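The values are calculated or read from the model by the stated rules, or taken from the named source; none is laboratory data. Since this is a predicted model, take the numbers as computed values, not measurements. Reconstructed Cβ throughout: ideal geometry from the backbone, glycine too, with neighbour counts over all protein chains shown.
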Amino acid sequence: MPRAIAGVLVECDPSIKAIIVKIDTEHHHDFIIEDIDDEHVLIKSNKHEDLKQLLKDHLKDSVREAEESSESD
């Protein structure tokens, strides 16, 4: 018998989607239900807020690293 999983459709830039896929891989595929195309991914609705926080943290770290490398120039 098929089972349904509630999901949230996320539309984003390909660069952000690549980060989401990386986060999903690092967390044993806990977030993504279906990788639709370059700009769309279906996320488990009960994991949506967790993914948003992880993505914010990752982007914050990336910006911090970019600022530090530009200061050393």
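Just to be sure, is residue 41 among the hydrophobic types (A, V, I, L, M, F, W, C) and modelled with pLDDT of 95 or more?
Yes; evaluated as a whole, the condition is true for this residue.
Mind checking which pairs have a first residue in the range 5-19 that is within 16 Å of residue 58 (Cβ to Cβ) and a second that is surrounded by 10 or more Cβ atoms within 10 Å (Cβ to Cβ) and among the acidic types (Asp, Glu), Cβ under 6 Å, 6 or more apart or different chains?
14/38
Just checking, which of 40, 27, 48 is out of contact with any helix residue (DSSP H, G or I) (no Cβ under 6 Å at 6 or more places or on another chain) and in contact (Cβ under 8 Å) with a residue 40 or more places away in the chain?
The unique qualifying residue is 48.
So, in the range 16-55, exactly how many residues are basic (Lys, Arg) and over 9 Å from the mean Cα position of the chain (by Cα)?
2
Can you find a residue that is touching a Phe, Trp or Tyr at 6+ places or on another chain (Cβ under 7 Å) and surrounded by 15 or more Cβ atoms within 10 Å (Cβ to Cβ) anywhere in the range 47-54?
yes
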